[in-house]
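J.: Structure below; questions to follow.
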Amino acid sequence: EMFERELVIIKLKLTDSQLPEARSLATQYGAEVLDESADSFTLQLTGAVPEVDTFVHAAMATGVLAAVARSGSVAVSQGEVTLSSYIRHHRLSG
């Protein structure tokens, strides 16, 4: 078992009438609004990869996608595994 997450930052270009929908999208997904104007509505979300995928598609349906940056998946094992126990069980080269 592991914890896996991804970070995405999305910048949308919106009309003034699209701002309420973009705010609603942020609330629905629990995204943080980093910049809030029609020309640069920027959202940040950290979540499971499928949730991030769904969020990106929903954002694209809300306004014009001006920029998107995704961290890629990052993960750590669940439980008491430590780096020292990993090294004992897996030889590292070098």
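Each value in this text was obtained by applying a stated rule to the coordinates, not by laboratory testing. A quick note: this is a predicted structure, and the numbers were derived from the prediction, not measured. Glycine also receives a Cβ, built like all others from the backbone with ideal geometry; neighbour counts cover every protein chain displayed.
J.: Take the Cβ-Cβ distance between S73 and S40 as r, set R0 to 25 Å, and report the resulting FRET efficiency rounded to the nearest 0.05.
T.: For S73 and S40, the calculated efficiency is 0.40.
J.: In the range 1-79, which GluC sites (Glu not before Pro) are in a loop and have at most 12 other Cβ atoms within 10 Å, using DSSP for the loop call?
T.: For GluC sites (Glu not before Pro) across the range 1-79 that sit outside H, G, I, E and B with at most 12 neighbouring Cβ atoms in 10 Å, the list reads E1.
J.: Cβ under 14 Å from D53's Cβ, D53 left aside: what net charge do those residues give with Lys, Arg +1 and Asp, Glu -1?
T.: With Lys, Arg at +1 and Asp, Glu at -1, the neighbours total -1.
J.: For the range 54-59, what does the Karplus curve 6.51 cos²θ - 1.76 cosθ + 1.60, with θ = phi - 60°, yield as ³J(HN,Hα) per residue in whole Hz, taken in order and with x for Gly and Pro?
T.: 4, 4, 4, 5, 5, 5
J.: Further, regarding this structure: Calculate, in nm to one decimal, what T15 and F3 gain on full extension: separation in residues at 0.36 nm each, minus their alpha carbon distance.
T.: Contour length minus Cα-Cα distance gives 0.6 nm.
J.: Given charges of +1 on the Cβ of Lys and Arg and -1 on the Cβ of Asp and Glu, with all other atoms neutral, how large is the dipole of the chain about its Cα centre, in debye to the nearest 20?
T.: For the chain, the charge dipole is close to 400 debye.
J.: OK, next. May I have the extent of the alpha carbons of the chain along their three principal axes, as whole Å values ordered from largest to smallest?
T.: 58, 27, 19
J.: Further question: Okay, which of the range 1-39 sit inside 11 Å, backbone N to the point 7 Å along the Cα-Cβ direction of A66?
T.: Backbone N within reach: 11-15, 35-39.
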